[in-house]
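The values are calculated or read from the model by the stated rules, or taken from the named source; none is laboratory data. Quick caveat, the model's predicted, so the values are computed rather than measured. Neighbour counts are summed over all protein chains in view; Cβ atoms, including those assigned to glycine, are modelled from backbone coordinates with ideal geometry. What goes into the accessible areas is simple: the full protein's heavy atoms, side chains included, and nothing from ligands, DNA or RNA. Shrake-Rupley method; radii C 1.70, N 1.55, O 1.52, S 1.80 Å.
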Amino acid sequence: MTVTLELKRLDHGRDLPLPAYQSELAAGLDLTAAVETPVTLAPGERTLVPTGLAMALPAGYEAQVRPRSGLAAKHGITVLNTPGTIDADYRGEVKVILINLGDAPFEIVRGERIAQMVIAPVLQAEIHEVEALSETLRGTGGFGSTGRS
Ligand SMILES: O=c1ccn([C@H]2C[C@H](O)[C@@H](COP(=O)(O)OP(=O)(O)OP(=O)(O)O)O2)c(=O)[nH]1
Ligand SMILES: [Mg+2]
């Protein structure tokens, strides 16, 4: 199933390729870093990486910003707020919060694919406040209540 995603390259991302699916049935569109000059992330450090892109999702959809497993496995680089949420009414620049959980500095260079974006349907809930909730077998048990004790 496909939906139309309107993408706008911002001035500082004009020369970068549009995000693209890297294989026929890929779930994620790779996002590239639109940094002007290389940015070095020290171990434990985080940074907000510009992508040079703004977009308009159809109503009823979100985009999730997720890590790339290669960067995570090889360098300990991940998306701090994964999955980042891009709202359908957001028109600002898409940015990626990367953190270096590895043990060596990592350099982010312009045009590097740093994360991926998955388009997904979302429901908005209609909120009904109640005094009592419906009863269930589980009840209030959670946080391992069905697992090892
Ligand atoms: O990884 C992310 C997460 C969010 N956003 C943008 C799009 C999103 O629609 C907006 C707000 O994100 P979120 O709701 O997660 O942040 P918030 O801290 O709740 O900010 P706000 O008060 O603006 O909703 O920021 C990004 O560009 N990258
Ligand atoms: Mg918010």
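Just how far, in whole angstrom, is the stretch 78-122 from the stretch 36-69 if you go by their alpha carbon centroids?
Here the two parts' Cα centres lie 3 Å apart.
Measuring with a 1.4 Å probe in the full set of protein chains, what accessible area per residue, in whole Å², belongs to the chain? Could you put the intermediate results ahead of the total?
Working: 10130 Å² over 149 residues.
Result: 68 Å² per residue.
State the percentage of accessible surface on the chain attributable to carbon and sulfur atoms; use a 1.4 Å probe and exclude ligands, DNA and RNA.
52 percent
For the chain, what relative contact order do you get, as a whole percent, if you take Cα pairs closer than 8 Å and at least 6 residues apart?
Once divided by the residue count of the chain, the mean separation gives 29 percent.
With a 1.4 Å probe and all protein chains kept in place, how much accessible area does Thr85 have, in Å² rounded to the nearest 10?
90 Å²
Can you find, among Ala56, His75, Thr32, the residue sitting farthest towards the positive end of the charge dipole of the chain, where Lys and Arg contribute +1 and Asp and Glu -1 at Cβ?
Of the candidates, His75 comes out farthest on the positive side.
What ranking do 126-135, 46-55, 72-81, 18-27 get when scored by the average of other Cβ atoms within 10 Å per residue, highest first?
Descending packing order for the listed peptides: 46-55, 72-81, 18-27, 126-135.
Rank by packing, highest mean first: peptides 5-13, 59-67, with packing defined as the count of other Cβ atoms within 10 Å averaged across residues.
59-67, 5-13
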